[in-house]
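> Here it is: the structure, laid out below.
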Amino acid sequence: MCSINPDNDTDKMTDKIRRLKGLITRHQPHIIAIVESWLTKNHHDEEILNLLGLNWYRIFRQDRCSGHHPGNAYGHSRSVQSKRRGGGVLVLWNPNDVVNASLERNPAEDHEDNVVNFDLFYTFNCTKCSGRKSTQKFGFTVVYRRPSRFKGQDRAEYEEINQTVIDRLVHLPFMYNDSHPDLDYRRWVMVGDFNWNPENRQHHWLLTYLCSAGNVERSNLSSQCTHRAGHVLDHVIGSPGFVVNSTDASSSVVDVTEIVSDHAALIFSLKLGKDCSTYRPCNARRCR
């Protein structure tokens, strides 16, 4: 969802926040990812958490005005996009719900707030169920691809940045699928506002190419409308079998809510693997 601007005190914005808080209360998510957060250095983390009623959550931010994360491996020296208003990615993580899991920023393959990456670690209670390692690593990427130039931006400049973002998105599956010990991701997922409409021939080709190049799948959605204009612009793309329905693990259909701001929210679960409860014997067939 987008445009949750804390500086806008209108009734419309108040209603957006109310609907967002309602979704959070209803679904109790472990991870919340918001694009177009409009946050700046004037907005403190404590204020944001209090606004959303999530004071116990851990907060990760990549504001557009911040430019590139200092941990980015590509050594970008300047940021054109940081000059414009708006933008930004906000990710919230509940560390108290899943005691065996942790979410950490991994900015090496980021591109400003267009591609924001995280490592999700899960430590299995059963060492046999975990396979090679007791702690497994999963990739989690939040995407916001700007669909057009912002006011005053040169067209060639926009096209260059847009192509860089696309190249980064296509590159990430190869990194996540790399078996090198320093990487070694078990599974991974991308979610966000790609601004790629499958009904558009070029956008459909890009989605198809991304999935085929990375040997991944684009999740089916419960609604073919994720944007107030009536289009599907938001997607969940990940390893086969990794993304499942939020309430029915036998289904891979992602739930699409009502429109909250300009976009709907996408609700889903991640299937980290079969495991036993803490301090209990594992009942998996291989462990009996």
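The values are calculated or read from the model by the stated rules, or taken from the named source; none is laboratory data. Worth saying up front: this structure is predicted, and the values here are computed from it rather than measured. FYI the Cβ positions are ideal-geometry reconstructions off the backbone, even for glycines, and counts take in every protein chain you see.
> Here is a list: Thr14, Thr25. Which entry is farther than 18 Å from Gly192 by Cβ, at pLDDT below 80, of a type in the set (Ser, Thr, Tyr) and part of a helix (DSSP H, G or I)?
The unique qualifying residue is Thr14.
> Please go through the range 158-210 and give me each residue that is part of a loop (DSSP other than H, G, I, E, B) and more than 20 Å from Glu112 (Cβ to Cβ), ordered by number.
Hits for the range 158-210 are Asn177, Asp178, Ser179, His180, Pro181, Asp182, Leu183, Asp184, Asn197, Pro198, Glu199, Asn200.
> Please verify whether the range 68-91 includes one or more residues that are part of a loop (DSSP other than H, G, I, E, B), at pLDDT 85 or above, surrounded by fewer than 16 Cβ atoms within 10 Å (Cβ to Cβ) and not polar (S, T, N, Q).
Within the range 68-91 (the criterion being part of a loop (DSSP other than H, G, I, E, B), at pLDDT 85 or above, surrounded by fewer than 16 Cβ atoms within 10 Å (Cβ to Cβ) and not polar (S, T, N, Q)), the answer is no, since none of the residues qualifies.
> Taking the criterion of being in contact with a His (Cβ under 6 Å, 6 or more places away or on another chain), surrounded by 19 or more Cβ atoms within 10 Å (Cβ to Cβ), without any contact (Cβ under 8 Å) to a residue 60 or more places away in the chain and hydrophobic (A, V, I, L, M, F, W, C), would at least one residue in the range 199-222 satisfy it?
Looking for residues that are in contact with a His (Cβ under 6 Å, 6 or more places away or on another chain), surrounded by 19 or more Cβ atoms within 10 Å (Cβ to Cβ), without any contact (Cβ under 8 Å) to a residue 60 or more places away in the chain and hydrophobic (A, V, I, L, M, F, W, C), one finds none in the range 199-222, hence no.
> Picking from Arg288, Arg228, which residue would you name as being at pLDDT below 95, more than 19 Å from Asn197 (Cβ to Cβ) and either surrounded by fewer than 19 Cβ atoms within 10 Å (Cβ to Cβ) or touching a strand residue (DSSP E or B) at 6+ places or on another chain (Cβ under 7 Å) (or both)?
None of the others qualify; the one that does is Arg288.
> Taking the criterion of being at positive phi and among the small types (Gly, Ala, Ser), would at least one residue in the range 156-167 satisfy it?
no
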